[in-house]
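Working notes, structure below.
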Amino acid sequence: MSVDELRPNQGFSKHFLWGAATAAHQVEGGTHNQWTVWELENAKVRAAQAQYHYNDYASWERIKVAAKDPDNYVSGNLADHYNRYEEDFALLKQMNMNAFRFSVEWSRIEPSEGVWDVAAIKHYRQYVESLKKKGIEPVMTLFHFSLPIWFTDKGGFEHRRNVAYFTRFAEKIVRELGTNVRLIITINEPEVYATESYYHQNWPPALRSKYKWWRVVNNMAHAHRQAAKAIHSLNRRYKVSIAKNSNFFYPGDDAWVSRLSTAIMQYAQDDYFLKKVARQCDFLGVNYYFSNRVYGYRIHNPDQRMSDVQWDMHPADIQYVLERLDRKYKLPIIITENGLADAEDTHRQWWLKETIVGMQKAMRHGVELQGYLHWSLMDNFEWAEGKWPRFGLASVDYNTGQRSLRPSARWFGRVLKKIRGV
Ligand code: IFM
């Protein structure tokens with residue numbers, strides 16, 4: 001489809017934020033946090049279990065060499081975004097974007113309890129100054145799954161008393177960066193973090209405890225409220241939210257049990273957490289990746305078009321996610337993540353087109369949508385899966401560090417040129 005056929009300029013104001021997202025541990029390289037330790041301890045096991053985890057994936061034949069290599073599971077230097085961020089900001093400009101979401105790495109800023117690293121703070125100060133100079137709006141995340149080891153040694157978010165450390169960090173970094181950063185995400189995908197770390201045992205500390213899961217979720221809600229209050233007391237002009245994982249559930253048939261289960265699942269996923277934090281959110285950050293079809297009380301997806309990580313792709317459903325959250329919470333929305341693992345770039349252009357149309361429909365139905373941040377700017381470290389999933393608008397060669405925009409990204413850049421009139 002050509003850029004003109006898409007009619008991309010309908011509905012998007014000139015203030016709309018168009019950009020891409022990353023997270024520190026996934027792109028910076030050279031981090032030292034609870035993940036670094038866990039990766040080194042678990043890489044060999046993850047590689048040995050690759051066949052068990054992924055051999056039913058449609059992408060298995062393409063990914064198996066990388067997935068069986070222990071090095072895939074160690075983040076290491078990645079694309080060295082920490083030092084090469086200017087190159088990456090140039091990619092944003094090349095795609096005509098005006099926003100960028102990143103996370104600050106707490107373990108760099110406070111490497112030991114109560115000790116602030118002046119050089120790391122200076123680094124992030126220069127980082128956001130550089131974005132601002134280029135006319136790119138920074139969207140900063142404070143906790144995106146990686147934590148300082150001293151904090152996890154104390155039990156991390158398992159204990160309510162530890163929330164004070166997070167609030168102190170939030171206040172410190174926001175104060176240090178000043179008003180160059182206006183949009184702040186306190187916590188990324190709280191339930192994903194709790195479920196992978198405290199139930200599925202895929203992420204550190206790899207526990208299986210419903211009680212701890214529940215404690216962690218509730219303590220993160222408390223952490224958001226406390227951090228938002230602290231940030232607002234610095235300056236009421238800061239706009240604070242979380243980035244909420246929000247997939248779409250729909251009934252596969254008309255049976256009452258399917259419809260009831262769908263409603264319960266959607267509620268449990270979205271509203272249990274959101275109801276605890278919505279009053280301390282100035283907008284809603286929404287991460288949408290896939291939909292779930294519910295039959296009876298089970299999820300059974302059509303599996304028609306699969307991404308490399310075997311997610312059933314329904315990009316147009318973003319419309320329903322946005323409309324539901326708008327109806328329930330009546331807050332402006334920024335899509336803080338949305339995208340797909342697609343190493344060969346077969347589906348990404350289609351995905352973007354469907355997503356743009358879905359957003360336009362939602363806005364026509366009254367949703368106050370303020371931005372779209374694609375996951376991800378560049379290929380990165382996909383947590384327990386390691387480096388083989390390729391979510392980037394830009395591909396990365398981890399041997400040379402070379403980044404290049406994929407064809408879909410160049411297409412997206414042309415769409416944004418037209419929409420933004422730049
Ligand atoms: O890579 C992750 C990101 O860290 C959080 N949201 C989902 C992405 C893709 O799985």
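Selection of strands (runs of 3 or more DSSP E) fully inside region 260-346 by the criterion of at least 2 residues being among the polar types (S, T, N, Q) returns 291-295, 333-338. Of everything in region 333-360 that is among the β-branched types (Val, Ile, Thr) and within 13 Å of Pro315 (Cβ to Cβ), the residue that is farthest from the ligand (Cβ to nearest atom) is Val357. Are any of the residues in region 310-329 surrounded by 23 or more Cβ atoms within 10 Å (Cβ to Cβ), within 16 Å of the ligand (Cβ to nearest atom), at pLDDT 95 or above and within 19 Å of Ile185 (Cβ to Cβ)? Checked region 310-329: at least one residue is surrounded by 23 or more Cβ atoms within 10 Å (Cβ to Cβ), within 16 Å of the ligand (Cβ to nearest atom), at pLDDT 95 or above and within 19 Å of Ile185 (Cβ to Cβ). Within region 101-110, does at least one residue satisfy the condition of being outside any helix (DSSP H, G or I), of a type in the set (A, V, I, L, M, F, W, C) and in contact with a helix residue (DSSP H, G or I) (Cβ under 6 Å, 6 or more places away or on another chain)? Yes, that holds for at least one residue.
For Ile173, indicate whether it is of a type outside the set (Phe, Trp, Tyr), within 16 Å of the ligand (Cβ to nearest atom), touching a strand residue (DSSP E or B) at 6+ places or on another chain (Cβ under 8 Å) and under 30 Å from Glu87 (Cβ atoms). No.
From the list Ser146, Ser112, the one residue that fits, being buried (at least 18 other Cβ atoms within 10 Å of the Cβ) and of a type in the set (Gly, Ala, Ser), is Ser146. Applying a threshold of 7 Å to beta carbon distances and a minimum spacing of six or more residues, or different chains, the list of pairs starting in region 340-357 at a residue that is under 17 Å from Arg414 (Cβ atoms) and ending at one that is more than 15 Å from the ligand (Cβ to nearest atom) and modelled with pLDDT under 95 reads Lys353/Met1; Lys353/Leu6; Ile356/Leu6; Ile356/Pro8. Within region 80-102, can one find any residue that is farther than 24 Å from Arg406 by Cα and under 19 Å from the mean Cα position of the chain (by Cα)? Checking region 80-102: not a single residue is farther than 24 Å from Arg406 by Cα and under 19 Å from the mean Cα position of the chain (by Cα). Restricting region 27-63 to residues that are of a type in the set (A, V, I, L, M, F, W, C) and within 16 Å of the ligand (Cβ to nearest atom) leaves a set whose member that is farthest from the chain's Cα centre (by Cα) is Ile63. Is it the case that some residue within region 204-213 is surrounded by 16 or more Cβ atoms within 10 Å (Cβ to Cβ), in a helix (DSSP H, G or I) and modelled with pLDDT of 95 or more? For region 204-213, residues surrounded by 16 or more Cβ atoms within 10 Å (Cβ to Cβ), in a helix (DSSP H, G or I) and modelled with pLDDT of 95 or more: present. Counting only residues that are within 11 Å of the ligand (Cβ to nearest atom) and in a loop (DSSP other than H, G, I, E, B), region 363-384 holds 5 of them.
For first residues located in region 32-48 and exposed (fewer than 14 other Cβ atoms within 10 Å of the Cβ), partners that are in a helix (DSSP H, G or I) and lie 6+ apart or on another chain with Cβ distances below 7 Å form the pairs Val37/Ile149; Lys44/Pro70. On inspection, His224 fails the criterion of being farther than 18 Å from His144 by Cα, of a type outside the set (Ser, Thr, Tyr), modelled with pLDDT of 95 or more and in contact with a strand residue (DSSP E or B) (Cβ under 9 Å, 6 or more places away or on another chain).
Cβ-Cβ distances below 7 Å connect the following pairs, each with a first residue in region 184-202 that is farther than 12 Å from His144 by Cα and within 11 Å of the ligand (Cβ to nearest atom), a second residue that is aromatic (Phe, Trp, Tyr) and modelled with pLDDT of 95 or more, and a separation of six or more residues or different chains: Glu196/Trp203. The residues in region 59-80 that are in contact (Cβ under 8 Å) with a residue 24 or more places away in the chain, among the acidic types (Asp, Glu) and exposed (fewer than 15 other Cβ atoms within 10 Å of the Cβ) can be counted, and the count is 1. Check region 17-26 and report whether any residue there is more than 22 Å from Asn338 (Cα to Cα), buried (at least 20 other Cβ atoms within 10 Å of the Cβ), at pLDDT 95 or above and within 16 Å of the ligand (Cβ to nearest atom). Scanning region 17-26, I find no residue that is more than 22 Å from Asn338 (Cα to Cα), buried (at least 20 other Cβ atoms within 10 Å of the Cβ), at pLDDT 95 or above and within 16 Å of the ligand (Cβ to nearest atom), so the answer is no. Summed over region 385-418, the residues that are buried (at least 18 other Cβ atoms within 10 Å of the Cβ) and either more than 18 Å from Leu92 (Cβ to Cβ) or away from the ligand (no atom under 16 Å from the Cβ) (or both) give a count of 16. For first residues located in region 287-301 and more than 15 Å from the ligand (Cβ to nearest atom), partners that are part of a loop (DSSP other than H, G, I, E, B) and charged (D, E, K, R) and lie 6+ apart or on another chain with Cβ distances below 8 Å form the pairs Tyr295/Asp253.
For the subset of region 127-143 comprising residues that are charged (D, E, K, R) and outside any helix (DSSP H, G or I), which member is surrounded by the fewest Cβ atoms within 10 Å (Cβ to Cβ)? Once the filter is applied, the top-ranked residue is Lys134.
One line per residue, one yes/no per condition, for (1) closer than 19 Å to Trp38 by Cβ; (2) within 20 Å of the chain's Cα centre (by Cα); (3) of a type in the set (S, T, N, Q):
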position: His144; (1), (2), (3): yes, yes, no
position: Ile149; (1), (2), (3): yes, no, no
position: Asn180; (1), (2), (3): no, no, yes
position: Glu191; (1), (2), (3): no, yes, no
position: Ala194; (1), (2), (3): yes, yes, no
position: His200; (1), (2), (3): yes, yes, no
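The values are calculated or read from the model by the stated rules, or taken from the named source; none is laboratory data. Owing to the predicted nature of the structure, the values given are computational and were not obtained by experimental measurement. Here Cβ is always computed from backbone atoms with ideal geometry, including for glycine, and neighbour counts include all displayed protein chains.
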